[in-house]
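Written out below as structure tokens is the structure these notes cover.
Every number here is computed from the coordinates shown, using simple stated rules; none is lab data. Nothing here was measured: the structure is a model prediction, and the numbers come from that model. Here the Cβ is made from the backbone with ideal geometry for all residues, glycine too, and neighbour counts use every protein chain on show.
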Amino acid sequence: MESIPENYKLMFSSLDCSDDDTHFWTYNWENNENLPPCALNFKYPEFEEIVWEDLDPECFKLITVDIKDVLDRFHNGEAGYLLSPFKYYRVRKELSNNSAELKFYYPEVRIGGDNKIHLGEGRHRLNALMKIYGLKEIKAKVFLKDYLI
């Protein structure tokens, strides 16, 4: 990977990037290891204490996914680490404010025609969870109609 500009490292580690007009561009980090650690003054819950969204069991099922695997496959390997500082900041702020009133959303996956798990949405969440907690696997939601095919 080419040298990462210092201002990008700052934006993704320690700057308030809550202004979507200024910070909605994207940068491809190519893998999670290249992302700088979070240096924001956020207090994150222990992973086991995260309050997750409620799911309708008639619509969704939770399955365990390999985070790196689904990020590496996202949009044919082109976009799993393509992150916006605005969205990456927002997901870390939401995680730090996690409560029964502000539940954290599961990443959404689908089963592709190749019978592999593909990420639908949640790449910013997955990258943040990997970076903050060092996770390798996580529960993700899949539509039952996609799961039962």
Quiz prompt | Global geometry of the chain, whether rounded, prolate or oblate, following the gyration tensor of its Cα atoms and the 1.5 cut on a/c | solution = oblate
Quiz item: Taking the inverse of the average 1/r across all pairs of different Cα atoms in segment 77-149, what Kirkwood radius in Å do you get?
Solution: 13.5 Å
Self-check item: Calculated FRET value between Ile111 and Glu46, using beta carbons and R₀ = 35 Å, to 0.05
Solution: 0.70
Exercise. Would you kindly work out the equivalent ellipsoid of segment 1-80 from its C-alpha gyration tensor and give its semi-axes, the square roots of five times the eigenvalues, largest first in whole Å?
Key: 27, 19, 14
Exercise. Using the structure shown, select from Lys61/Lys136; Lys93/Lys139; Lys43/Lys116; Lys43/Lys136 the pairs with a Cα to Cα distance greater than 25 angstrom.
Key: Lys43/Lys116
Practice problem: Would you please give the FRET efficiency between Asp72 and Glu121, computed as 1/(1 + (r/R0)^6) with r the Cβ-Cβ distance and R0 = 22 Å, to the nearest 0.05? | Solution: 0.85
Practice problem: Jot down the radius of gyration and Dmax of segment 35-90, Cα atoms only, both in angstrom. | Solution: 14.8, 40
Practice problem: Fewest Cβ neighbours within 10 Å first, please rank Ser99, Ser3 accordingly. | Solution: Ser3, Ser99
Practice problem: Scan around Ser14 for amide H atoms under 5 Å from its own, H built in the peptide plane at 1.01 Å from N, and keep only partners 5 or more places away or cross-chain. | Solution: Ala39
Quiz item: Out of residues 5 or more away from Trp52 or on other chains, whose amide H comes under 5 Å of its own, with H placed 1.01 Å from N in the peptide plane?
Solution: Phe104
